[in-house]
Structures are given as C-alpha cells and as structure tokens.
Amino acid sequence: MTTTRRRPVRVAPLFAKLLLPIPLIALCATPARAQTPASAPLTPSSSSTSPPRASPATVESPAPPPSQSPPPWYQGVSEDRKQTAQALFEEARRLHRRMMFAEARAKYEEALAFWEHPELRLYLARVLRSIGLPVLAYENLRLSLRWGPGSLDADKEEEARSTLQALAERELATIQIRCDEPGATVLMDGKTWFVGPGAERRMVTPGEHVITARKDGYATVVKPVVVLAGKEASGQLALNAYPVVTTQRWPVWIPWATVGAGVAITVLGGTMMGQADTNHREAQRRYEESCGRTCAPFRRDPYEASVVESRLAAGTLITGAAMAVTGTVMLLVNTPPSYRTKDHSGVRIELRPTASPDAAMMRVRFVL
C-alpha cells in the first residue's frame, strides 16, 4: 500500500500578497492634506502672501485664495504698523496675565493706535471691565463687532455679544436726549455731548446724571436725570431766549432839541458877527475922517459900540457851536442799547418783614 504525502498549502502568505497592493493604491490615490501652521495672534507669518482670515488669533485652516479681498481692518495698514501692533499686543498680553491691568490697558490702546483690530478691542474691553469701567468696556465691545459676523472667532464673538448684553442689563443704563434748538450745546455731567438740533443716546452708569443745554442769548437749562441699571431715561430740552430790553439815558427829543438850538444860535452868532464887523469898519472910517490922529474918542462913540457888538457876536457864535456839538454827542450816547435780561421763568421773589412779641424775622416767598 502506497501512501501519498500531501504538501500543506500556505494560504495566509498568499492571501496577504494579494491584498497588499490594495491599501497602497488607496493611499496613493488620497490627496495629501496640507498642514497650516498657526499664525501669530494679530499678524500673519512673514512668508505668507495671501490675506489672513477674519479672526487671525486662532488660524487653523488654510488662508483664503489670493483673489479674495482682505478684511477691512487689514486694508491700508502697512506691514510695519502691523508688526508694531503685534509686539505691543504680545507685551499687553503678558501684563494682562500678570494682573497688571492699568499697564495692559495702556499697551492695548497704544497697539490700537497702530492697528484698529477687532481682537484688540475685545482684549481691551476685558481689561476695562476688570478695572471697573463698564461704559468704556461696552464701547470697545461694540467696536469689536462693528464689521459684522466673522470679524472674531465664533467663541470670541459669542463672548463679546453676551458681555454686551450682560453690561446693558445689569451694569449700565441708557439716557436718550433730544434738543431741537440749532446751535445749542448739550452737556452730560459737565462734558460736551452733542450740538443741536438732534437726538443722541448713550450708555451710562446707573445713578444721577446732570444734563445741561446752553446757547448764547438763551436761558441755560439744567436737568438732573436718575436712571436705574437696565433701564432707559429719555427727554427733550427746550431753550427760551432772554427777553430783549432797550434803555435810553434821555428822552429822544432832548438831544435833538439841543442840536437844533445849537445850530440856531450858531447861525444867529454868525449873522451878528458879520453885522458887527461891518459896523466896526464903518465906525473906524468915520473916526479917521473926523478926528484924524489927534482926536480921542469919547465914551459913547460908535467905534466902541461896534467893538462890544463884535464881542457879543463872537460869544453867541461860540455858544451855538458848543450846543450843537453837545447835542450831537447826546444823540450818539443816547442810542438805545439792547440786551437780554436773565429769564427767571416768571418767578418773583418777595421779601416781607414780620414781627412777633418774641422775635423779628424776614419771610421769603416765591410768587409765580
């Protein structure tokens, strides 16, 4: 009996050899994924030529194609300014982590002077809220979102919006004022707010605030406004002009009468002067013809009378001229000046003395 020995078949190595090309083919057919290194918080890497994403602090995906325009806060900003802002931002972050809030705030603001970046506004708002300046924090959060969705990362944008809502509901209040008087300056707590006409709305800290409206020639309006957290106070300011008052030193007829009398007396004096001069020459001629140089005139001689008449005419002429000048000056001085008086809104104060067997006092009463 012959026994035949069968050779064992090695299936596993053969099967492995057949299946080995399949993963290799699949691996070669799958495109390689480019790994993009994380960039700096505010500025892209120097080797990158394409614009960064809208939120450069957490870049983890490839940059947009070169044909896509950069975000608004990248436009018109040179690389030198970006690098300077980046250095200041990093220094501010170090100070921020060390709880040096005042110094960090100064560095964030200095960086914003070089580059208006939404993330810088967000970080600055964090510092401002930490040091108890909710109004400034609110304004910076609002500015960080002014370019719309996508200007910040999703988590940072959610933080900014939730913080805005929390500030408006729990830490801040709103005041809205309208003033329709053109050129009127409206102030809040002594600081210029806006110039009318128009209306403005502002976030403020809860409590009492003083609203003032003023304009030359108008009574200043001062109104205290008390507003609670999460609430809004509104109002309108109306200014009243001071009443115009005209005063004169003398009645109108007095200066004019003085001028008229002065002119009349001047004319009379001139006439008398002419007549006296004629009489004086005639008396001089007669005296020379009758007496020559040896006859002395007696007291009532016409020559002496002409001299007196000439002096009287001169005095009249001078008096009339002086009166005319005086009347002209009175006319100029008597020009009625117009000015506005202080308007006390019709309130009159009355002081009345009162007496009793025990004491004497003064009673003050406001009469409307």
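The values are calculated or read from the model by the stated rules, or taken from the named source; none is laboratory data. Just so we're clear, the structure is a prediction, and the values are computed from it rather than from any experiment. Cβ sites come from the backbone with ideal geometry, for glycine too, and all protein chains shown count toward neighbours. These accessible areas exclude ligands, DNA and RNA; they are computed on the full protein's heavy atoms, side chains included. Shrake-Rupley method; radii C 1.70, N 1.55, O 1.52, S 1.80 Å.
Worth pointing out:
- Highest mean packing comes first when the peptides 94-103, 320-329 are listed by Cβ atoms within 10 Å, giving 320-329, 94-103.
- Heavy-atom SASA rank of I318, I131 (probe 1.4 Å, accessible area, largest first): I318, I131
- Net charge of Cβ neighbours under 11 Å - reference V210; Lys, Arg +1; Asp, Glu -1: 0
- Rounded accessible area of S78 (nearest 10 Å², 1.4 Å probe): 50
- The label point for K223 and the one for R311, both projected 7 Å from the Cα toward the Cβ, are 8.0 nm apart.
- With 24 Å as the limit, the listed pairs K191/K223; K107/K191; K82/K107; K191/K231 have K107/K191 beyond it between alpha carbons.
- FRET efficiency for M100 and A233, using Cβ-Cβ distance with R0 set to 30 Å, rounded to 0.05: 0.20
- Residue-normalised accessible area of the range 74-214, expressed per residue, 1.4 Å probe, Å²: 49
- FRET efficiency for the T328 to V210 pair, using the beta carbon distance and R₀ = 51 Å, is estimated at 0.45.
- Potential extension, E79-E169 segment - 0.36 nm per residue separation minus Cα distance: 28.4 nm
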